[in-house]
Amino acid sequence: MKGGDFSTEGVGERHTADVSAVTDITQQVTEARLAAAADAFAQLAAAGFHERAVTLWYGVPLVSDARYVPPPPSRPRRGLGGAIALLVAGEDVAEDGLGVLPAPARAALIDLGLVERVGERLRARVAVLPLRGLLLVSDRLDATADDAVGAPDLSALNLVACLPPLPPGARALDVGCGAGVAALLLARAGAEATGSDVDAGALALARLNARLNGVAARFVEADLFDGAPAEHHALVAFNAPLLRAPLFSDGNAPARYLTTARGEALALDFLGGLASRLAPDGEALLHAQLTAAVDARLDELAARAQVVSLRFAHAPDGTPHALTCIRPSGPTGRRQVRVPLGPACPHLRREILDAALAPRALRPDATPLAAPWLELHSSRVFAQPGAPTLRALTFGSHAIDDADLRLLESLVGAPLAALDVDAERLTRLVDLGLVLLR
Ligand SMILES: C[S@@+](CC[C@H](N)C(=O)[O-])C[C@H]1O[C@@H](n2cnc3c(N)ncnc32)[C@H](O)[C@@H]1O
């Protein structure tokens, strides 16, 4: 990398707008501008504008964390770093340092209104976030406009990383699609995907993202299932907004991000209408707070469907956040697994959900493995120099004893038939979600 690549000139210059740039852009789109901007996006992706580059530039584990971290002054504002500073961090960037975006590509982004010229510099009117091979336009990460359409966040990552593989052409419905991330990923994977949203601005943006990424998905305006395609779907997903207002309000957070005025009725209505759109052998994924009423409704559903909730955090008002999977044709009953997110597992993954959905019988050919997303934390007392004694050992939220530890350490990938383990203890660890059966 050239010395000049470390230039930090202009660092920290960020500007916000109080009306959604996305709304303005989507109202003036033309086919020719879209096609040129789609080419520019393809060039950006080919130049390495990926999730990993953004997380390395920011020094954060997840691309969605970028909105919470001030852009680091020490990172380059030229080349790929320049594109990240411009399109993710929202900084004004010198045009001559943006070699990853050749002049025609820059002109295409300006023409579509995604970027504007400010003197010798460029400024993004939107954010462009790379996610799983897509480049997703949203309003800027620091946008404060009431009508701003938000970029995918941790809940979106949780959802998209837990989407099931579907047979080609299977129907999928992404309720509350926002910028379109789940619908677009499903369509790109071969599903016949529809995204629906009650917000016309979100739908216009989702359509723009579909064109810019060359993905064919359908987007329709609907209030939950009212207006959504009438067919049954192999997958119905809903990444719901916060159901309850937090106890405190961060004045800098976009208001729309905080909560839905409909409260928990939104999730209850989703669950109530689900059977009208979900195929009997299909799967629903609901990413929502488990308020007491939502939790009780899921318990009721478990009398006629398989229900698994992966609890991973708490909302500011104390209600658990969970991704819940509902399978009408699965074995009835409900299972809840607590998955403490952390460095070993920064977001939920399908592997975790599959393990929680799998039968828990200790078959001789099943291979038990310590849950890969949990970290083993030990704390030791250094009473005598050089001879630490073990004080406490936890695996996720569970305090484990020496026998648990020996059992976990013996799970090295051999089938149960080849292992000499205490079946009762293993069953307990499987029930706790600390051991997976493959
Ligand atoms: C948390 S965002 C999720 C956006 C997107 N699916 C993602 O994961 O990034 C929730 C979305 O639900 C939409 N929404 C809220 N109420 C809705 C309703 N009654 N019917 C359909 N969508 C709704 C909002 O407009 C918003 O786009």
* Structure fact -> Listed residues ALA423, ALA103, ALA366; largest mean-square fluctuation, Gaussian network over the chain with Cα springs below 10 Å, found at ALA423
* Express the relative contact order of the stretch 286-332 as a whole percentage, based on alpha carbon pairs under 8 Å and six or more residues apart in sequence. => 47
* Asked: Could you give me the ³J(HN,Hα) list for the stretch 139-145, computed from phi with Karplus coefficients 6.51, -1.76, 1.60 and θ = phi - 60°, whole Hz, x at Gly and Pro?
  -> 5, 3, 5, 9, 5, 10, 5
* **Residues with amide H under 5 Å from that of ALA313, placed H, sequence gap 5 or more** => HIS321
* To do: Report, by chain and number, residues whose modeled amide H sits under 5 Å from the one on GLY330, excluding near sequence neighbours (fewer than 5 apart, same chain).
  => GLN306
* **Using θ = phi - 60° and Karplus 6.51 cos²θ - 1.76 cosθ + 1.60, couplings along the stretch 51-60 (whole Hz; Gly, Pro as x)** => 3, 4, 5, 5, 5, 5, 4, 7, x, 10
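Based on the inverse mean of 1/r over its pairs of different Cα atoms, what is the Kirkwood hydrodynamic radius of the stretch 139-244, in Å? It would help to have the intermediate numbers written out before the result.
Numbers: mean 1/r = 0.0726 Å⁻¹.
Computed over the stretch 139-244, the radius equals 13.8 Å.
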* Of the residues ALA127, ALA356, ALA230, which exhibits the maximal mean-square fluctuation in a Gaussian network model of the chain defined by a 10 Å Cα contact cut-off? -> ALA230
* To do: Would you please classify the overall shape of the chain from the alpha carbon gyration tensor, given that a ≥ b ≥ c denote the square roots of the eigenvalues, rounded means a/c under 1.5, and beyond that prolate means a/b larger than b/c while oblate covers the rest?
  => oblate
* Read phi for every residue in the stretch 35-45 and hand back ³J(HN,Hα) as whole Hz from Karplus 6.51 cos²θ - 1.76 cosθ + 1.60, θ = phi - 60°, with x for Gly and Pro. => 4, 5, 5, 5, 4, 4, 5, 4, 5, 4, 4
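Return the carbon/sulfur percentage of the accessible area of the chain, one whole number, probe 1.4 Å, all protein chains in place. Don't jump to the answer; show the numbers that get you there.
Working: 10220 of 19050 Å².
Carbon-and-sulfur percentage of accessible area, whole number: 54.
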* Once amide H atoms are built 1.01 Å from N in the peptide plane, which residues 5 or more positions from ILE400, or in another chain, come under 5 Å H to H? -> LEU393, THR394, PHE395
* THR23: net charge of surrounding residues, Cβ under 10 Å, Lys/Arg +1, Asp/Glu -1, itself excluded? -> -3
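The values are calculated or read from the model by the stated rules, or taken from the named source; none is laboratory data. If you're wondering where the values come from, they're calculated on a predicted model, not measured in any experiment. So basically every Cβ, Gly included, is an ideal-geometry build from the backbone, and we count neighbours across all protein chains shown. Side chains are part of the model used for accessible areas, which takes the heavy atoms of the whole protein and leaves out ligands, DNA and RNA. Shrake-Rupley method; radii C 1.70, N 1.55, O 1.52, S 1.80 Å.
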